[in-house]
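A.B. asks: Can you keep this structure in mind? I'll have questions shortly.
The values are calculated or read from the model by the stated rules, or taken from the named source; none is laboratory data. In this text, all values refer to a predicted model and were calculated from it rather than measured experimentally. FYI the Cβ positions are ideal-geometry reconstructions off the backbone, even for glycines, and counts take in every protein chain you see. Just the protein is used for accessible areas: all its heavy atoms, side chains included, with ligands, DNA and RNA removed. Shrake-Rupley method; radii C 1.70, N 1.55, O 1.52, S 1.80 Å.
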Number of protein chains: 2
Amino acid sequence: MSPRKSVAEARRTRERIVERGVAIASVEGLEGLTIGRLATDLGMSKAGVLGHFGTKQTLQLATLDEAAAVFSRLVWEPARDAQPGLPRLRAICEAWITYLETARDTFPGGCLFTTASIEFDARDGLVRDAVARLFRLWRRRLAGEVRVAVAAGDLPGDTDPEQVAYEMGGLYMALNQEIQLFAAPEAPERTRRALDRLLAPRQDRQDRQDRPA
Amino acid sequence: MSPRKSVAEARRTRERIVERGVAIASVEGLEGLTIGRLATDLGMSKAGVLGHFGTKQTLQLATLDEAAAVFSRLVWEPARDAQPGLPRLRAICEAWITYLETARDTFPGGCLFTTASIEFDARDGLVRDAVARLFRLWRRRLAGEVRVAVAAGDLPGDTDPEQVAYEMGGLYMALNQEIQLFAAPEAPERTRRALDRLLAPRQDRQDRQDRPA
DNA sequence: CCTACCGATCGGTAGG
DNA sequence: CCTACCGATCGGTAGG
């Protein structure tokens with residue numbers, strides 16, 4: 001017949017496309033991710049690439065899914081075994097910093113979610129909805145972890161978990177910019193200082209005291 | 001000869017192009033800002049649009065310049081008359097929030113600088129350099145204002161001005177996302193709460209005290 | 001400032 | 001999974 005591959009081979013090809021797609025989209029955005037570029041990079045035809053998805057939008061959604069899976073693997077899962085509450089929150093924070101600092105192979109252009117959020121925040125459609133869903137999910141998880149930390153007495157009783165999660169999001173966008181736009185080596189340490197203030201374990205302080213400058 | 005216009009008319013046309021360019025780029029990004037789209041929107045020919053700039057890159061730089069001028073007018077200038085230090089810092093913060101909340105005519109897709117930063121942070125070239133220069137300039141101004149506030153005794157003596165300016169940047173990116181992606185009405189108030197904590201006037205507090213919840 | 005054009009690339013389809 | 005194609009749009013140029 002034709003050079004049609006087995007189901008397993010086709011799945012593996014689809015994986016390769018999506019992995020490459022994450023890297024391209026990290027640099028060029030999900031709109032800048034083009035079928036022609038993918039085809040060239042992978043030594044395939046455009047029709048061969050598109051055949052796995054049907055439309056560019058489906059390709060974008062698959063790329064976002066793969067990126068979210070990587071993020072879970074690098075940020076959420078390593079913290080899973082930490083004690084719920086402040087210890088796990090701290091573990092998530094560190095994994096998040098490491099993800100932004102070192103996941104350059106997977107995300108050579110920086111955090112794909114920040115890129116996608118900016119790119120789609122003024123549009124409608126399934127991609128925008130998927131991006132918003134991810135940010136909401138992650139904020140909910142962070143806020144939940146803050147809530148546990150408060151209940152455990154690790155954070156002040158009047159802490160607003162949503163507020164803390166919101167501010168954490170800002171710190172990570174700042175860190176992403178600092179790494180990508182300025183290649184600033186002190187950025188992770190700045191982020192840690194800000195997080196220490198945000199997640200200060202107790203109210204009996206006149207300043208932070210648990211980390212040296 | 002031809003429908004060539006006077007110098008003043010040509011300048012006015014250029015202004016119209018650049019103003020429209022800011023609005024388009026706010027939604028589509030500086031790469032998504034196309035000459036054809038501008039021409040259609042303005043009822044001109046593509047060559048007529050491009051003639052004012054020569055290349056797309058020059059158009060992008062002119063668009064960024066115009067956006068920076070608007071930003072100065074809306075954020076820096078209103079605070080100019082406030083007392084240097086914490087009062088001026090607070091005035092800048094409020095103007096900044098207002099800018100993100102209400103400048104929808106000029107920036108229908110949200111803060112163009114955040115968009116441009118994300119879009120160009122993985123590329124080289126004059127546009128990237130111009131974006132980086134703007135962010136550096138504004139951070140320097142913020143840090144300078146923090147320094148004045150510390151010298152005036154309005155902020156604790158161990159305040160790190162660069163750190164505060166860095167965190168403020170993160171808060172504004174978070175606010176931009178919250179407005180654009182989530183249309184969250186409580187976002188400005190969240191930002192104010194975070195800024196109050198960041199710019200807490202004195203260390204003799206167990207928690208923030210100058211704003212009611 | 002226009003018309004008329006260029007080669008390149010876009011997303012996508014037909015047919016195998 | 002391929003070749004071969006489609007109409008639309010991209011940035012840019014020639015010439016007036």
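A.B. asks: Counting only pairs 8 or more places apart or on different chains, how many lysine pairs in the protein assembly as shown have C-alpha atoms closer than 28 Å?
C.D. replies: 9
A.B. asks: Tally up the carbon and sulfur contribution to the accessible surface of chain A as a whole percent, 1.4 Å probe, everything protein left in place.
C.D. replies: 51
A.B. asks: How big is the gap, in Å, between the Cα center of region A:150-172 and the Cα center of region B:48-64?
C.D. replies: When both Cα centres are located, 46 Å separates them.
A.B. asks: Continuing with this model, one more query. Need one number: buried accessible surface between chains A and B, 1.4 Å probe, both sides summed, DNA, RNA and ligands left out, in Å² to 100.
C.D. replies: The buried area between A and B, both sides summed, comes to about 4100 Å².
A.B. asks: Here's another thing I want to ask about it. Return the residues of region A:22-39 for which accessible area with all protein chains present is lower than in the chain on its own by 10 Å² or more; set the probe to 1.4 Å and exclude ligands, DNA and RNA.
C.D. replies: A:V27, A:E28
A.B. asks: Still on this structure, I have one more. Can you give me the solvent accessible area of B:E9 with a 1.4 Å probe, rounded to the nearest 10 Å²?
C.D. replies: Solvent-accessible area, nearest 10 Å²: 100 Å².
A.B. asks: Here's a follow-up. Measuring nothing but label to label, 7 Å from Cα along Cα→Cβ, what are B:R136's distances to the other copies in nm, shortest first?
C.D. replies: 4.1
A.B. asks: What whole-number value in Å² describes the accessible area per residue of chain A for a 1.4 Å probe?
C.D. replies: Per residue, chain A has an accessible area of 46 Å².
A.B. asks: With every protein chain in place, what's the accessible area of A:E77 (1.4 Å probe, Å², nearest 10)?
C.D. replies: We get 90 Å² for A:E77.
A.B. asks: With a 1.4 Å probe and all protein chains kept in place, how much accessible area does B:T114 have, in Å² rounded to the nearest 10?
C.D. replies: Counting only protein heavy atoms, the figure is 10 Å².
A.B. asks: Here is a follow-up. Taking 0.36 nm per intervening residue step and subtracting the Cα-Cα distance, what contour gain separates B:Q57 from B:R11 on full extension?
C.D. replies: Roughly 14.7 nm would be gained on extension.
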